[in-house]
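Every read-out reported here was derived from the displayed coordinates using simple, explicitly stated rules and does not represent laboratory data. Note that the structure is predicted; figures quoted are calculated from it, not measured. Cβ sites come from the backbone with ideal geometry, for glycine too, and all protein chains shown count toward neighbours.
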Amino acid sequence: MPSDQQRCHISRAPDHIRSSNPEHYKPLAFPVGPYHARSGVPTPEKAQRLKEQCVDEVVQLSGRSRHDLLGQMRSVLDRAREYYADEIGMDDEALAQMLLLDGCFVLVSLRGTERLKQLTPESTESLLSENSDDRCSDCSDQQGDEENQIAAANNGGGGGGVDSWHHFNVARDLFLAENQIPFFVVQKIYELLVKNHPYAERGVVGAVEAYVREVMAVYADGADAQAQPPAADHVHHLLHLSHMYLRPRTRRWSGGGGGGATVGRLRRATQLRELMVRFKKLEIVGGKAAPAAGSILDVAFRGGGVLEIPRLEIDGGTWRQMANLILLEQGSPHVGLYVTAYCAFMSQLAGTAEDVALLCESGVIEHQLGGDGDVADGLRRLCDGIIFDADDDAYNYLRPVYRAVEEHCRSRTLRLLCWVRGHANCPNPWLLLGIVAIITLLCFIVQQLQHATLSKNAT
C-alpha cells in the first residue's frame, strides 16, 4: 500500500486553474467517484442503467451475490476515503454503493472482462444498442472532431459492434482528474472475477491496458513506455495509469546538479528560424529506432541547429486530456512533471499564430481547430496558473534542450552568419557558411605564404 506521500490523491482542480478551462474537468455522460455524483450530467438515467448492467455482469461472472460484492466494498471504505483530498459528502453506505457501481462500470467499460471465457457480451451490447438512439443532443455538440479521434482509436479494438457513443464518452470522462475512484477498487472486483481462472495471472492492469493504450495512442506508443504492464499496486487511478504510458525516453538532465546559467524563456519558433534553427518532425512509434519518438515528449536539439519535435495532433479533446494530466502532476509532482514541462515548452515555442503556422508547415503540429491563433491560445491557457520552474532539472526534463538552443542562438559564428545574411540579402544560410569557410581558408593560405616568405628571407 502506498504511503500518503507517495499516493496520487484524487482532488478537485484549484480555482486558479479551473477558471481558465472549467469545462475540462467535468464529465458529460458518466460521473465516476463522489465529486460529480450529483453534478447533473445530461443523461443521468442512461448512465445509471449502464452501471447497473455492469454490476449484473460482474454478479453473473463471479457467481457472487450483489450483497456479497457490496460487503467487499464496505470492507475498504476507510482506505478509499484516504485517496480523496477534498470533502466527498457521502456516508458509508452511499460510498459503498458508489464504489460498487463505478468499479464494475470501469472494469467492464475498459473491456477488462472481455477475455474471460464465461463472458456473454450480448447483455451489455444490447443495453448499449438500446441507448444508441436516444443520444443526448447536449453531448453531441461537445463531441466535434474529438469523436472522430476516439472512434478511430477504438476501431477494431475489440468493441465488436458496441455503440461508439459509449466508447467516446468513456474515453473522455473516465480520464478526468476529478472523475476517479481508487484503482484498488477495480483491482478487487477483478480479483473476485478471475479467482481460479486461467487469466488471473494477467492482472487487472493487463486486462484494461489495451483500452488505455488506445486512448493514449495519439500521444505515446505504450509499448515503448512500458514493456510490461505496471503492477496494480503501483496504479492509483485511471488517469495515473494513462500518465504512466506517457514518458520521455530521457527523463532527467544528464549534466548533474542544478547549477549553470538559468534557461530563461524559450525563443518563439519564428525567432528561432531567423537564427537558423530548423524544425524536424518525428513520428511516434515504438522501439528505439531513430528518427522516431516514443511519445510527444521526446523533444531533442541536434547538431546543425535541428530541433526535433514529435508530431502533435490537436483536436477538440487535446486540451482536456492535457489539462487533466497537468492537474495530476501539479497535485502529485513525485510522478514527474513531464506533461507540464512539455506544455510549457510548446506554449513558448508556439506563442503566436505565426509560430503555429511555421510549425504546421514543418509538420510538427497538425490541428483541426478554427485557426492557428486558437492553437497558440489553447497552449497558453493550459499553462495558466501552473507551478513550474524551468531551472529545476529534477522536474524539467527539457532543460538541456532549452540550454542547447540558447547556446546555439548565442554562438559567435551564428551571429556572424546572421549579420552577413542580413547585409548580403542572401536567404540561404548554408551558402553563407560555405562563403565564410572559403574566406577563412584563403586567409589561412595567405597567412601561411607570408610566414614561409618571412622565414626564407630570414635565412
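Structural remarks
- Theoretical FRET efficiency, 1/(1+(r/R0)^6), r = Cβ-Cβ of Leu454 and Thr250, R0 51 Å, to 0.05: 0.45
- A simple spin-label model places pseudo-atoms 7 Å from Cα toward Cβ; at Leu442 and Asp15 they are separated by 7.0 nm.
- Modelled spin labels at Ser75 and Asp374, positioned 7 Å past Cα toward Cβ, are 5.1 nm from each other.
- With coordinates expressed along the principal axes, the C-alpha atoms belonging to segment 269-409 extend over 39, 36, 30 Å, beginning with the largest.
- Largest first, the three principal axis extents of the alpha carbons in segment 313-383 are 36, 21, 18 Å in whole numbers.
- Cα-centred dipole magnitude for segment 291-392, charges only on beta-carbon of K, R (+1) and D, E (-1), debye, nearest 20: 180 debye
- Three-way shape label, segment 1-67, alpha-carbon gyration tensor, a/c 1.5: oblate
- Surface/4 of the Cα convex hull for segment 274-346, nm²: 6.2 nm²
- With K and R counted +1 and D and E -1, the other residues having a Cβ less than 12 Å from that of Ala404 yield a net charge of +1.
- Within segment 1-92, GluC sites (Glu not before Pro) in DSSP loop having at most 11 other beta-carbon neighbours inside 10 Å: Glu87
- Charge tally in the Cβ shell below 11 Å around Cys360, where Lys, Arg are +1 and Asp, Glu are -1, Cys360 excluded: -3
- Qualifying trypsin sites (Lys or Arg not before Pro) in segment 69-121, DSSP loop, other Cβ atoms within 10 Å at most 13: Lys117
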